[in-house]
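Below you'll find the structure, written out as structure tokens, and then a few comments.
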Amino acid sequence: MKFGVSSLCSIAMVTTSVLMTPFAGAADNNEGIVVYNAQHENLVQSWVDGFTKETGIKVTLRNGGDSELGNQLVQEGSKSPADVFLTENSPAMVLVDNAKLFAPLDKSTLEQVAPAYRPEHGRWIGIAARSTVFVYNPAKLSEAQLPKSLMDLAKPEWKGRWAASPSGADFQAIVSAVLALKGEKATLEWLKAMKTNFVAYKGNSTVMKAVNAGQIDGGVIYHYYRFVDQAKTGENSKNTELHYFKHQDPGAFVSISGGGVLASSKHQQQAQAFMKWITGKSGQDTLRTNNAFEYAVGVNAASNPKLVPLKDLDAPKVEASSLNSKKVIDLMTEAGLL
């Protein structure tokens, strides 16, 4: 995935231009809005298509990674062409928010998402969610042998038996949760033990493929990788199962994908309308039917029925706006993981 201290890269531009009945008060908004998007492109494109069809507002997507786009926004500051920022994980939202670059979201938008999935300050909001899981190969591990806690993976018996993608935004968000729940000392000790015990792969899909092929017993990823593969051919996941840690363990962390309106946007009304649409009924219904298999976070919104219900995950309570990406990078670097 896409987090860390990577350098800025070229960002693909996808422009959606469907003119229907103009959004009230937006008839003169010919250029539409620009969205810096670090979420899954197919999911966001579905949102864009639905929003544009309903409102007539054009949306230009500039796709990239959590870290690269977050850092780009900080560098661009008030001169950024972006109107909206969407991420896969919340630490990049915190990075931009700490630079005081977000405008407050409309109250009516905030009320559409449950308090557990949005910061209390109201400058950005949850748009989707994903659960941390341990993907494992049943031929290698029985249910009785599975780790009871994410923290157990630091024990000597797990040396060489589990995998992760430490350079990715997904795993670094998980470490952010460990830091918030366990503190700096315990997190650093866990990371140092991880350096000894784990096998590094680039990307969560690669971790799952390695587990599927029997190259490694298990790995820490997000839930949707297996669901997406199963919905296709199942070729890369047929020999795997998912273990949910639950019990408010750090390994049960639910990461919030975020969205916010840039204070520098010259199209505030249209940008606010976009955020209201994707967190509203139409946008959240897309999560129920789209093949991204991420969780809906809207009030009373239903997720894909194939997923373990959010309420049954027994996730730990982590304040998304407190996740410290800089400290995580520092700790992972000190532990030799980056």
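The values are calculated or read from the model by the stated rules, or taken from the named source; none is laboratory data. All values reported here derive from a predicted model rather than from experimental measurement. FYI the Cβ positions are ideal-geometry reconstructions off the backbone, even for glycines, and counts take in every protein chain you see. Ligands, DNA and RNA are excluded from the accessible area calculation, which covers all protein heavy atoms including side chains. Shrake-Rupley method; radii C 1.70, N 1.55, O 1.52, S 1.80 Å.
Search the stretch 129-154 for residues that are within 28 Å of Ala114 (Cβ to Cβ) and open to solvent by 30 Å² or more (accessible area, probe 1.4 Å) and pair each with any residue that is at pLDDT 95 or above and not in a loop (DSSP other than H, G, I, E, B) when their beta-carbon atoms are under 7 Å apart and the residues are at least 6 apart or on different chains.
Met151/Trp190; Met151/Pro250
Out of everything in the stretch 155-187 that is open to solvent by 30 Å² or more (accessible area, probe 1.4 Å) and over 23 Å from Lys209 (Cα atoms), what residue ends up being nearest to the chain's Cα centre (by Cα)?
Ala180
State whether one or more residues within the stretch 205-215 are aliphatic (A, V, I, L, M), at pLDDT below 95, more than 22 Å from His247 (Cα to Cα) and open to solvent by less than 30 Å² (accessible area, probe 1.4 Å).
First, the residues of the stretch 205-215 that are aliphatic (A, V, I, L, M): 207-208, 210-211, 213.
Checking which are at pLDDT below 95 leaves us with none.
Looking for residues that are aliphatic (A, V, I, L, M), at pLDDT below 95, more than 22 Å from His247 (Cα to Cα) and open to solvent by less than 30 Å² (accessible area, probe 1.4 Å), one finds none in the stretch 205-215, hence no.
I want to confirm something. Restricting to the stretch 34-66 and keeping residues that are polar (S, T, N, Q) and under 15 Å from Ser80 (Cβ atoms), which single residue is least open to solvent (accessible area, probe 1.4 Å)? Outline the logic, then answer.
In the first step, residues of the stretch 34-66 are kept if they are polar (S, T, N, Q); the result is 37, 39, 42, 45-46, 52, 55, 60, 63.
Of the ones still in play, those that are also under 15 Å from Ser80 (Cβ atoms) are 37, 60.
Numbers: Asn37: 0, Thr60: 22 Å².
It comes out as Asn37.
Just one of (1) open to solvent by 40 Å² or more (accessible area, probe 1.4 Å); (2) within 24 Å of Lys311 (Cα to Cα); (3) without any contact (Cβ under 8 Å) to a residue 60 or more places away in the chain trips up Gln112, so point out which.
(3)
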